[in-house]
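Comments concern the structure below.
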Amino acid sequence: MDFDIFAFEKSVKNRLKKQYDTDLHADNHDVYDAAAAAVLDVIMENWKKTRLAHQKDKVRHIYYFSAEFLMGRALSNNLINLRIKDQAVNALEKMGFNYNTIEEQEPDAGLGNGGLGRLAACFLDSLATLNYPAVGYGIRYRYGMFEQRIENGFQVEYPDNWLKNRDPWEIRRSDLAVEVLFGGSVSVRHEADGRDYFSLENAERVTATPYDTPIVGYDTKTVNTLRLWEASSPEGFDLQLFNDMHYKRAVEKQNSAEDISRVLYPNDNGPSGKALRLKQQYFFCSASLQDMIRSYTAVYGQDFSKFADLHVIQLNDTHPVVAIPELMRLLMDEHRLEWDEAWAVVTKTFAYTNHTILAEALEKWPIDIFQGLLPRVYQIVEEINRRFLSDLRTRFPDDYDKQNRMSIIRNGMIYMAWLAIHASFSVNGVAALHSEILRTQELKDWAHLYPEKFNNKTNGVTQRRWLLSANPRLASFITKYAGSGWETDLSVLKNLETYIDDTAVLKELLEIKQQNKEDLAAWLKATQNEFLDPESIFDVHIKRLHEYKRQLLNVLHIIYLYNRILDDEDFNPPARTFIFGAKAASGYRRAKAIIKLINAVAVKINTDKRVRGKIRVVFVENYRVSAAEKIFPAADVSEQISTAGKEASGTGNMKFMLNGALTLGTLDGANIEIVEEVHEQNAFIFGLKADEILAMEKAQSYNPRAYIDRNAGLAKALQQLTDGTFGDARPFFQELYDSLVYGVDGQRPDVYYVLADFDAYCRAQESVAAAYTDREGWAKKTLLNIARCAKFSSDRTIEDYVRDIWKLKKIKID
Ligand SMILES: *Cc1c(COP(=O)(O)O)cnc(C)c1O
């Protein structure tokens, strides 16, 4: 990158002068805004070049449809991918600004819940870096993932007003706005060509306006686009009503339209069931498809025979599946294709990624909600299902059970996953075990019907953000010993293995971890007034709060360990700091009770002088991408303790590995593939396996009581949930206790096998403590984890998608 540092400096100064009428005394946010704008200037030329190259060659694109993009901050990432970070930092510091302070001014773009949204962001980074033509399509939520504060130990949610100041990275494209219709009634007109044409009457009209954000590839000129849609009313507010002083009614229509892109639903792996959520989904799918069709017809007119050659749409979970009937509608009603022609296009265009097998997360919509909002689209879904069932009856004439199970519309509900599988040419899971469970259990009928569609694509993470940017010390260490080039080829890291017996190198590695731990301690001191001892083991459990992720198992062990240290003077394990970070969905009561429990246990333990210097519990408030970037580099132990078979993949596990933390985990999701790479002696694996859990589920043989009776330490920890040991939130903890021991609301007890795995988890924690005491042995394991993580780069994942599903060509921008 030929970067003109003087021009950059001048650009920042000029902006401060012009925009803010202030120069070097600008406040920090002004400086951030001016710096970001100056960086966007640098990006602009290549962005345009990329757009032209992709148009000119009429190349096949991947369109990544996702309701969530968890992007995090862009300033450092863009500077790093442009390879001008050091120079830009120097220029800013020379002008008297502190880069860290400037960087912290940027709000964290949190337009996603967790793993699924962050995966979309890592994929965009890899696609641009690998020079593939790609567009991300989604929603420009006015408010992203809520801001979490802990008040009196409870989670309290505040709106995430991330657009309070302008976003310097986005460009509003009002020239490309489209209209999306809701409600109304379907009208039919018979035309001279003998066909019926359908349209909507009296529908609510909503304007969709795209905002483009550049996606800068690393060390390449490719700059792809993330295009997010904003909803507004085409009519604005009602001046008549306003003049008559009906102020509330005057803005009703406007508000109703703007509500669509107002806020991200904070559900991860769970249902929302709200009509507004379906409106969001249809809104961005329809707008994106109209956008694609407009560009296509500008070149090819109404001949859609090349559409599927030039477009592949990846559906990130079922959230965008309504795009399938919507593309049918657009092709038939707006572009006059016959059903069979349209269906041929659709079934060659869509590919679907499944992200979970949790029953509560499988999206289904009540017919009345769906039909009320999208009457014409509903007719098309019915017709898709009618044709499908008729085929199914021919193939399995006697199997009424199967016909019923597989029907896309059933019991008053529309099953979005069924629609996705039937219409897509590819269906993938996100780790080997997950894809296997889909094939052999959850989607068995479908895998039998369409075996050629099913495949696996193990998730990955981008090493640009999660190593190069987040952990500069480790990044330099790797370049020094493994050599350069790992930024775009993570397999270079295997060169580190040659240093496995080099005590000086191992010592250096431990020192880097130590410094990162000191940084994290300083940050938590400054932001939360928490005290962390960097000499202790940093045992880290950061991810969404969900019962299947079993934060409760971690807490029960902490209580057990606390009791043991108090009871036994001779028990002297190495000092540990247990670090948690997790948001709970607003309506998920039990998850919120677990957050309260973690905080109550923290208060009890952290104020007990008898265990000072031995254990400490820290809850990091408002876990998000920018917090994650500070925590992963400082972790010694990676908690990946989901109930086997329930975590589809996980990507946090990969970020930990890349940063040299050792996995303490079950054989679940991508943990299995991590252990395949590092081998069991370099991780801490425990607990029931997926097939064992399945067998217990089938036999209904699980009895948690038996595990409590056999383990006095467990019995005591459980009893302390209910006896007031952890303060004044007893009703919440009693509910947790009941759910484990008796089962509540008609559920079986301990649905996620916490108590069944408790003993194995305690023993695995003992192995961790013993291994950590052998510092050189630990350093060796750390080195091997880093050296063997090549598979978990999202670059590898993207190349797998390209080879098996997307069939893209790399386009080099000169
Ligand atoms: C990586 C990431 C996740 C996903 O973590 P898992 O442990 O895989 O569930 C969630 N949130 C943020 C902010 C992340 O960076």
Output for the stretch 277-329, where each listed residue is at positive phi and touching a residue at least 60 places away in the same chain (Cβ under 8 Å) = D317
Could you tell me whether the stretch 98-118 includes any residue that is away from the ligand (no atom under 15 Å from the Cβ), outside any helix (DSSP H, G or I) and among the polar types (S, T, N, Q)?
-> yes
Which of (1) more than 16 Å from the ligand (Cβ to nearest atom); (2) under 25 Å from W229 (Cα atoms) does I84 not meet, given it meets every other one?
-> (2)
Residues being outside any helix (DSSP H, G or I) and either of a type in the set (K, R) or in contact (Cβ under 8 Å) with a residue 12 or more places away in the chain (or both) - total across the stretch 526-558 | 18
Working only within the stretch 580-598, note down all residues that are within 26 Å of W523 (Cβ to Cβ), of a type in the set (A, V, I, L, M, F, W, C) and in contact with a Leu (Cβ under 8 Å, 6 or more places away or on another chain).
-> A582, A584, A591, I594, I595, L597
Look at the stretch 601-625 and say how many of its residues are within 15 Å of the ligand (Cβ to nearest atom) and at negative phi.
-> 5
Filtered residues of the stretch 169-197 (kept if farther than 30 Å from L40 by Cα and of a type outside the set (G, A, S)) = V180, L181, F182, V186, V188, R189, H190, E191, D193, R195, D196, Y197
Can you tell me which residue within the stretch 452-475, out of those that are closer than 21 Å to R439 by Cα and in a helix (DSSP H, G or I), is nearest to the ligand (Cβ to nearest atom)?
-> K453
What about L561, is it within 16 Å of the ligand (Cβ to nearest atom), more than 30 Å from L358 (Cα to Cα) and in contact (Cβ under 8 Å) with a residue 60 or more places away in the chain?
-> no
Residue list for the stretch 731-762, filter: crowded, with 22+ Cβ neighbours inside 10 Å and either more than 30 Å from the chain's Cα centre (by Cα) or at pLDDT below 95 (or both) | none
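Condition check ((1) of a type in the set (A, V, I, L, M); (2) within 13 Å of the ligand (Cβ to nearest atom)) across all residues:
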| residue | (1), (2) |
| --- | --- |
| A627 | yes, yes |
| I631 | yes, yes |
| S638 | no, yes |
| K646 | no, yes |
| G652 | no, yes |
| F656 | no, yes |
| A661 | yes, yes |
| L667 | yes, no |
If we keep only residues of the stretch 272-314 that are among the charged types (D, E, K, R) and part of a helix (DSSP H, G or I), then the residue surrounded by the most Cβ atoms within 10 Å (Cβ to Cβ) is K279
Does A67 fit the bill of being assigned to a loop (DSSP other than H, G, I, E, B) and either small (G, A, S) or under 23 Å from the mean Cα position of the chain (by Cα) (or both)?
-> yes
Pairs where the first residue, in the stretch 437-451, is within 17 Å of A648 (Cβ to Cβ) and the second is in a helix (DSSP H, G or I) and among the small types (G, A, S), C-beta under 6 Å, 6+ apart | R439/A447
Report, by residue number, each residue of the stretch 539-549 that is more than 12 Å from the ligand (Cβ to nearest atom) and under 24 Å from P633 (Cα atoms).
-> D539
Filter result (free of Cβ contacts under 8 Å to residues at least 24 places away in the same chain and of a type in the set (D, E, K, R)) within the stretch 772-813 = D774, R803
List pairs: first in the stretch 689-717 and at positive phi, second in a helix (DSSP H, G or I) and surrounded by 13 or more Cβ atoms within 10 Å (Cβ to Cβ), Cβ under 7 Å, 6+ apart or cross-chain?
-> none
Please enumerate the residues belonging to the stretch 530-547 that are farther than 15 Å from F619 by Cβ and surrounded by 17 or more Cβ atoms within 10 Å (Cβ to Cβ).
-> P534, S536, I537, H546, E547
What are the residues in the stretch 119-142 that are of a type outside the set (A, V, I, L, M) and either in contact with a Leu (Cβ under 7 Å, 6 or more places away or on another chain) or in a loop (DSSP other than H, G, I, E, B) (or both), if any?
-> N131, Y132, P133, G136, G138, R140, Y141, R142
The lone exception for S66 - which of (1) within 25 Å of I139 (Cβ to Cβ); (2) free of Cβ contacts under 8 Å to residues at least 60 places away in the same chain it fails | (2)
Residue, surrounded by the most Cβ atoms within 10 Å (Cβ to Cβ), within the stretch 709-730, restricted to residues that are of a type in the set (K, R) and modelled with pLDDT of 95 or more = K716
R189 over 22 Å from the mean Cα position of the chain (by Cα) and in a strand (DSSP E or B) | yes
Quickly run through the stretch 629-653 and pick out the residues that are hydrophobic (A, V, I, L, M, F, W, C) and under 18 Å from R118 (Cα atoms).
-> I631, F632, A648
Limited to the stretch 38-64, what total is found for residues that are buried (at least 17 other Cβ atoms within 10 Å of the Cβ) and over 14 Å from L127 (Cα atoms)?
-> 8
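For every residue, the table says whether it meets (1) at pLDDT 95 or above; (2) of a type in the set (G, A, S); (3) out of contact with any Asp or Glu (no Cβ under 7 Å at 6 or more places or on another chain); (4) closer than 26 Å to T488 by Cβ.
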position	(1), (2), (3), (4)
R15	no, no, yes, no
Q19	no, no, yes, no
D27	no, no, yes, no
A36	yes, yes, yes, yes
W47	yes, no, yes, yes
R60	yes, no, no, yes
Y99	yes, no, no, yes
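The values are calculated or read from the model by the stated rules, or taken from the named source; none is laboratory data. A quick note: this is a predicted structure, and the numbers were derived from the prediction, not measured. Reconstructed Cβ throughout: ideal geometry from the backbone, glycine too, with neighbour counts over all protein chains shown.
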